[in-house]
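Structure record follows, encoded as structure tokens.
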Amino acid sequence: MTDVHDPATRSRNMAAVRGRDTKPELLIRKALHAAGFRYRLNARDLPGRPDIVLPRYRAVVFVHGCFWHRHECDLFRWPESRPEFWREKLDANAARDEKAAEALGKAGWRQAVIWECALKGRNKRDFQDTMQRLIAWIRSDRKAITIGGE
């Protein structure tokens, strides 16, 4: 039996968390590709390493997990174990997101954030509606859009 309080076990569990190619991200990418959009993935040369970059439209898309990016929705719960660690970690993630958004805006990039709760959970949106909103935004000149659960 593994000890979840053992640092080595905890490290292995954290290593299993995907930073890219998550199910929500793959859903969005597949739908964008089917709609005729071409994009780059996880651009290291841009602040925050956006999940999807549409250079032609000067637009980036972040597909954020509600837990990791501290979204106040039904999918987010503060962990009961090691609360100080998690508060620091998740606060740092949120601060990094803000800093990246500011830098992208200054560089002229338009930004979309699709929250995990828009795609799953009891308050998820209709997927086709979500994609229509995202596609309309990409084709528009609006600076930003955020799509979360209903």
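The values are calculated or read from the model by the stated rules, or taken from the named source; none is laboratory data. Just so it is clear, the structure is predicted and the values come from calculations on it, not from any experiment. Methodologically, a virtual Cβ is constructed for each residue, glycine included, from the backbone with ideal geometry; neighbour enumeration extends over all protein chains shown.
General remarks:
- Check on residue 97, outside any helix (DSSP H, G or I) and of a type in the set (D, E, K, R): no
- Taking the criterion of being surrounded by fewer than 20 Cβ atoms within 10 Å (Cβ to Cβ), in a loop (DSSP other than H, G, I, E, B) and either among the basic types (Lys, Arg) or free of Cβ contacts under 8 Å to residues at least 40 places away in the same chain (or both), the residues of the range 23-40 that qualify are 36, 38.
- Residue list for the range 53-74, filter: without any contact (Cβ under 8 Å) to a residue 60 or more places away in the chain, surrounded by 11 or more Cβ atoms within 10 Å (Cβ to Cβ) and either touching a His at 6+ places or on another chain (Cβ under 7 Å) or in a loop (DSSP other than H, G, I, E, B) (or both): 58, 64, 65, 66, 67, 68, 69, 70
- Any hit, the range 100-118, residues being exposed (fewer than 12 other Cβ atoms within 10 Å of the Cβ), among the hydrophobic types (A, V, I, L, M, F, W, C) and at pLDDT below 95: no
- Residue match in the range 109-128 (condition: charged (D, E, K, R), under 16 Å from the mean Cα position of the chain (by Cα) and under 17 Å from residue 70 (Cβ atoms)): yes
- In summary, residue 85 fulfils each of the numbered conditions (1) aromatic (Phe, Trp, Tyr); (2) under 30 Å from residue 38 (Cα atoms); (3) loosely packed, with under 13 Cβ neighbours inside 10 Å with the single exception of condition (2).
- Test for residue 43: is it closer than 18 Å to residue 25 by Cβ, without any contact (Cβ under 8 Å) to a residue 60 or more places away in the chain and outside any helix (DSSP H, G or I): yes
- Residue match in the range 77-86 (condition: at pLDDT 95 or above, closer than 17 Å to residue 147 by Cβ and not in a loop (DSSP other than H, G, I, E, B)): no
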